[in-house]
Each structure stands twice: as C-alpha cells, then as structure tokens.
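Since the structure comes first, as structure tokens, the remarks are kept for the end.
The values are calculated or read from the model by the stated rules, or taken from the named source; none is laboratory data. The structure displayed is predicted, hence computed values, not measured ones. Using ideal geometry, Cβ is built from the backbone for each residue, glycine included, and neighbour counts are taken over all protein chains shown. Note: accessible area is taken over every heavy atom of the protein model, side chains too, but ligands, DNA and RNA are not part of it. Shrake-Rupley method; radii C 1.70, N 1.55, O 1.52, S 1.80 Å.
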Amino acid sequence: MIAGNRSINYLRISVTDRCNFRCRYCVPASPFSVIDHEKIARYEEILRITRLACELGITKVRITGGEPFVRKGIFSFLENLCSIKALKDISITTNGALLTQDKIKALIQMGIKRLNFSLDTLDPVKFTSITGRDRFHRVWDSIVTAQALGISPIKINVVALRGFNEDEIEAIAGLTLKYPFHIRFIEYMPMGDSDVERKQQILTQEIQDKIESTLGPLMPMEKEYNDGPAKKFKLANAKGVVGFITPISSHFCSECNRLRLTSRGTLRPCLLNNYETDILNPLRNGATDKELKSIIESTLTHKPLFHSLNDPTAKNIPISHMTSIGG
Ligand code: SAM
Ligand code: SF4
C-alpha cells in the first residue's frame, strides 16, 4: 500500500485500552473509564483485519496497548497471528510486569524474538511514582530474563522528563555499556490531559549533550530494517545502542510506514492526528473482504504529511491518550 510516496507495510495493533500501570505521561489526569468489552475488537476480528491488511502489503506487526499482556487469551491470539505466513516480523511493546520466564519462553517458541519494554527510571521509588505501581523489580527481572533467554534485540523505551528522570539520563544510557540493550529516549508527546506538563518535555539534543558530556561521544550507526524512526548511536566499547525517537524536534512523518488498528476497531493512519475510520462495525455488519480492504486503503489516503503536535492551537492534535490509541 502506498500513501503519498510512503510504502505502508507496518501495522500496529492495540489489543486493549486497559493497563495494569498508570504512567503519568500516558493516562489522563482526570478519572477515566475503559471501553466496554463488547466494543473491543475480538481476536478473530483482529485476525481477519490483519490477514486482509497483509493481502494489501503489510508484512510487519507490533502488538501494543494499553498493556497487551493484561488481555485474556493473548497467547493463543499471538499463536494465531504467528501462523499468518505473510507476516515476516511480529513484535510486542510491553511494560513487562506480567512477563514471567515461562511466558517469555512461550513467546520465543511461537517465533516472537523481539520485545520492546518501557522503563523510565532505575530508581524503584521513582518507578512507583511515575507508573503508580510498585513493580520496578518485577519489570527489571523480566528484562534481564528476556535477555538471558535470547530475546534480541531488547529495546527499552524511556520517556525523559524534566523534574523526574533528567538526573538519570546518563545512568540509563550507560546500561548499554553492560547490556546489549537498545535504550531509546522518546520525546514526550503532549496528548490529552496527562499529568505531565509540556515544560517537562526534554528534547533530544539536550539528552544527547548530557550523555556525551559524561559518557563520551555517541557514534552514529547505520539504519537497519527494524529500526523504525529511532536514530541510533553507540558509546565507545558499548554492547548496546542508544537511540533517539524525535517526534517533536524532528518529526519523521516523511518516513512513516505505519497504520494503526485501535482496540475499538478503528484504523488510524497517524498516531498524532485524530482522523480515524471505523472498520469493526462494517465487519460486524457483514462487510465483504473486498469492502474491508477498501476501508483500509481509503484510510491511508488520509495519512497526513506531518503532524501538528508542536502547535498547541492546532485542531487535529490527538485528544486521546496513548493507552486508548495504542503507542
Ligand atoms: N503498555 C505498554 C508499554 O508501556 O510499553 C505498551 C503501550 S505504551 C502506550 C507504548 C509506549 O508509549 C511506551 O513505551 C510509553 O513509554 C510510550 N508513551 C506513552 N505515552 C507517551 C507520551 N505521551 N509521549 C511519549 N511516549 C509515550
Ligand atoms: Fe500502561 Fe504502557 Fe501507558 Fe504505562 S505507558 S500506562 S504501561 S500503556
């Protein structure tokens, strides 16, 4: 599938809006409710949409949420997903809190070899304060276990925030000296009414300067197939990689190859734009494969050329949070 001059081969599927954490940059600050179960796409519906998207050129899928592992039946869904021949790459983004050794082994057995974890601090007290849950040790154990079991690469997403983890940036980047992790600093995206203020956002140049002033030069690396929008660097003698994802300071829309399926069964051509089309209700109302494919294709004609997140007056910036769209 083509959108403008971009070839779209990557589908990000949010399987749930529910989460066992309450990360302050991700969930709304005010009380919020989750989507009714019957409005959430069932696994067989997600699989049908995925198969059709594959017929249109999707070869790569990432499962996200909310927290994917809180949804019942996720392992048999993943097994069915792995049986779709056209999918060359399946990965998952998780907070890691529910991933035991057995579950990681089960993922490896079904062919899932890549995992992205989220970890914003190495301090258990700060961890509890940002996620609302006392689970630092459980998450860290999952990451280390995944590494020991051969998950590779292990990517760790870090949202850098002023007044929260800015004093840990060097220590977090320094993990790459000891572990083969890809540590990826993501610029905070102000979406909806989160508890985090825009002024807490730390842009990539500042993060990079902090790392280089303590740990030495970051040497740029060549891009590889699965890198996505991250710009990659290596510290001297490092086992791992330091990456930067810069939706704010240098948006990567011109390279974006993604389409998103939300847990409500809507298709979004862009995370940072409110435009979406409903594919679940047409599917439930008996749409044919051809009709569903044409919904997928027409959604992509609305893929914007750039986002407006830097313009607080823009009307099309997302009012939903990452938990509900799927990060
Ligand atoms: N629960 C899983 C997790 O935390 O990895 C998957 C879903 S979460 C929405 C996916 C990613 O989005 C996480 O790495 C999280 O740090 C990131 N994220 C959430 N809200 C964000 C925001 N406002 N700005 C930047 N990244 C955000
Ligand atoms: Fe949950 Fe992930 Fe959002 Fe944290 S970032 S609240 S773990 S969905």
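What the table shows:
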quantity	calculated
Contact order normalised by residue count of segment 51-209, Cα under 8 Å, 6+ apart, percent	18 percent
The chain: most fluctuating residue of M189, M110, M219 per GNM, C-alpha cutoff 10 Å	M219
Label point distance in nm, S250-D167, each placed 7 Å from Cα along Cα→Cβ	3.0 nm
Distance (nanometres) between label positions extended 7 Å along Cα→Cβ at V144 and D89	3.0 nm
Accessible area per residue, Å², segment 8-54 with all protein chains present, probe 1.4 Å	43 Å²
Segment 2-325: antiparallel DSSP beta bridges as a percent of all, rounded to 5	30 percent
Residue-averaged 222 nm ellipticity for the chain, from DSSP H runs of 4+ at -39500 (n - 2.57), nearest 500	-8500 deg cm²/dmol
Pairwise label distance in nanometres, A236 with F75, each label 7 Å out on the Cα-Cβ vector	4.7 nm
Assigned charges on the beta-carbon of Lys, Arg, Asp, Glu; segment 23-63 dipole about Cα centre (debye)	220 debye
Phi-based couplings in Hz for segment 10-21 (Karplus 6.51, -1.76, 1.60; Gly and Pro marked x)	10, 10, 9, 10, 8, 8, 7, 9, 8, 8, 7, 10
Burial order of peptide ranges 267-273, 245-251, 28-34 (average beta-carbon count within 10 Å, highest first)	267-273, 245-251, 28-34
Förster radius 56 Å - calculated FRET efficiency between N285 and I108 (Cβ-Cβ, nearest 0.05)	0.90
Accessible carbon and sulfur surface of segment 132-198 relative to its total accessible area, %, 1.4 Å	47 percent
For a label point 7 Å along the Cα-to-beta-carbon line of E297, residues of segment 45-79 with backbone N under 13 Å	53, 55-57
Efficiency of FRET from Cβ geometry, D134 and S213, R₀ 25 Å, rounded to 0.05	0.15
Under-5 Å amide H pairs with S194, H placed in peptide plane, nonlocal only	A29
Estimated dipole of the chain in Debye, rounded to 20 [Cβ of Lys and Arg +1, of Asp and Glu -1, Cα centre]	740 debye
Three-way shape call for segment 1-148 based on the alpha-carbon gyration tensor, with the a/c threshold at 1.5	prolate
Given charges at Cβ of Lys, Arg, Asp, Glu: the chain dipole, positive-most of C19, L149, Y188	L149
Free-standing Cys residues across the chain, given no other cysteine C-beta under 4.7 angstrom	C19, C54, C82, C253, C256, C270
Set of lysines with alpha-carbon distance to K103 below 30 Å, sequence-local pairs under 8 removed	K39, K60, K72, K85, K88, K113, K126, K155, K178, K232, K239
Gain on full stretching of the segment that runs from V34 to Q205 - 0.36 nm per residue minus C-alpha separation	57.9 nm
Calculated from backbone phi, Karplus (6.51, -1.76, 1.60) coupling profile of segment 188-199 in Hz, x at Gly/Pro	4, 9, x, 10, x, 9, 6, 6, 9, 8, 3, 5
For the chain: span of alpha carbons on each principal axis (Å, largest first)	59, 48, 42
Rel. contact order, % - alpha carbon contacts under 8 angstrom, at least six apart, segment 2-325	22 percent
